[in-house]
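Written out below as structure tokens is the structure these notes cover.
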């Protein structure tokens, strides 16, 4: 089933349901962002319902979703992706470790990153927890894989600006840009 059709079916099921939280079996291709949007809640609220900021989607596992009465935002069409990095960040979305790799090229910026669940085209502010330095990156790849505490793979250019080339791994916070 196409991802768009699955989202429409999920939205219909959520919006037509009554009662408290409901169970949902995670499908391949689901993202926290798309499930939160369809449910009418923020990603942070969805994570809080499922064990906190470290919650990650794994196909086949069951998670909790709200009843779908989260407000008018649930039926809103997706926003157009910005052409340049937005200027303001929301509250902290995720905490963990950042690593770096060569990165995947993008015509808009050299500051790119890989994330396991954020949609491609999402702008994220990555802040080094020890130094306070930050960089805004564009999600255009998937990863990091293998170590659950690692939440983002930065391009070499982004890692250089953040000051983690010598460390290799650094504690960071991720904030979604608005």
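The values are calculated or read from the model by the stated rules, or taken from the named source; none is laboratory data. What you are looking at is a predicted structure, and each value in this text was computed from that prediction instead of being measured. Quick reminder, even Gly has a Cβ in these numbers, built from the backbone with ideal geometry, and neighbours come from all protein chains shown.
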- request: Tally the residues that are more than 21 Å from residue 35 (Cα to Cα) and part of a loop (DSSP other than H, G, I, E, B), restricting the search to the stretch 110-143.
  value: 7
Hits in the stretch 35-46 (condition: touching a residue at least 40 places away in the same chain (Cβ under 8 Å) and surrounded by fewer than 19 Cβ atoms within 10 Å (Cβ to Cβ)): 44
- prompt: Which of the residues spanning the stretch 86-103 are under 17 Å from residue 141 (Cα atoms) and modelled with pLDDT under 90?
  reply: 102, 103
message: Could you check the stretch 113-129 and list, in sequence order, the residues that are in contact with a strand residue (DSSP E or B) (Cβ under 6 Å, 6 or more places away or on another chain), surrounded by 18 or more Cβ atoms within 10 Å (Cβ to Cβ) and more than 13 Å from residue 162 (Cβ to Cβ)?
response: 114, 115, 118, 122, 123
message: Can you pull out every residue in the stretch 1-26 that is at pLDDT 75 or above and in a loop (DSSP other than H, G, I, E, B)?
response: 26
- request: Please identify the pairs in which a residue from the stretch 147-165 that is in a loop (DSSP other than H, G, I, E, B) has its Cβ atom under 6 Å from the Cβ atom of a residue that is surrounded by 14 or more Cβ atoms within 10 Å (Cβ to Cβ), counting only partners at least 6 apart or on another chain.
  value: 149/96; 149/97; 155/103; 155/112; 163/133; 164/170; 165/159
task: Please state which one of 71, 60, 54 is modelled with pLDDT under 75, out of contact with any strand residue (DSSP E or B) (no Cβ under 9 Å at 6 or more places or on another chain), outside the structural domain of residue 162 (by TED's automatic domain parsing) and surrounded by fewer than 17 Cβ atoms within 10 Å (Cβ to Cβ).
output: 71
